[in-house]
Amino acid sequence: MLRRGQCWTDEESDGENESEQFLYGIQGSCAADLYRHPQLDADIEAVKDIYTDSAISVREYGTIDDVDIDLHINIGFLDEEVATAWKVIRTEPIILRLRFSLSQYLDGPEPSVDVFQPSNKEGFSLGLQLKKILSTFTSQQWKHLSNEFLKAQQEKRHSWFKAGGTIKKFRAGLSIFSPIPK
């Protein structure tokens, strides 16, 4: 997990120009007083653990309290025929970009969603469809999420595995079905 004062690595993934960088702040700038919500750090690390470090990239815009999370979806498994029909470049990942509040994360405003392939600007209709699906899903689910709700869910899940937790009691209850040892 990242500690206060550490920076996430940044990647230039969609060909942003220098004027956009100037408006939003320098990518990867590391200000000691920049506050990142700890749940955001935990979720980023979870994605890296499940997939790889290259599956996600993060850009902070501390001056406007925003963070871009880019999820890199590998589509190399697609047949060439399918890729051609969908007008995607098989060798290039599809980027799902979510923009969150850096300090509020789940308690902040609903994230914006963008879907693109950096080299595929024209006729990327799959991206438009995915964006609509993800935007609709996010809109419906966002109102049910909060940092506290997620923390409570995690604590509930962890209590199953504590020394005197639910999983131990569950296993003990199942022991009546075990054969009697000789």
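Rg over Rh of segment 38-155, using C-alpha atoms and the Kirkwood radius, what does it come to?
Values: Rg = 15.7 Å, Rh = 15.6 Å.
Rounded to two decimals, Rg over Rh is 1.00.
Could you list the chymotrypsin sites (Phe, Trp or Tyr not before Pro) in segment 31-110 that lie in coil according to DSSP, counting only those with at most 13 other Cβ atoms within 10 Å of their Cβ?
Numbers: sites: Tyr35, Tyr51, Tyr61, Phe77, Trp86, Phe100, Tyr105; in loops: Tyr35, Tyr51, Phe77.
Qualifying residues, ordered by number: Tyr35, Phe77.
Report the full-extension gain for the segment Ser146 to Leu78: residue separation times 0.36 nm, less the Cα-Cα distance, to one decimal in nm.
That works out to 20.9 nm of additional length.
Using only the alpha carbons of segment 33-89, what is the convex hull's orientation-averaged projected area in square nanometres? Present the calculation step by step, with values, prior to reporting the outcome.
Numbers: hull surface 21.7 nm².
If I average the Cα hull's projected area over directions, I get 5.4 nm².
Values in this text are rule-based calculations from the coordinates and carry no lab data. Nothing here was measured: the structure is a model prediction, and the numbers come from that model. For neighbour counting, all protein chains shown are included, and Cβ atoms are generated from backbone atoms with ideal geometry for every residue, glycine included.
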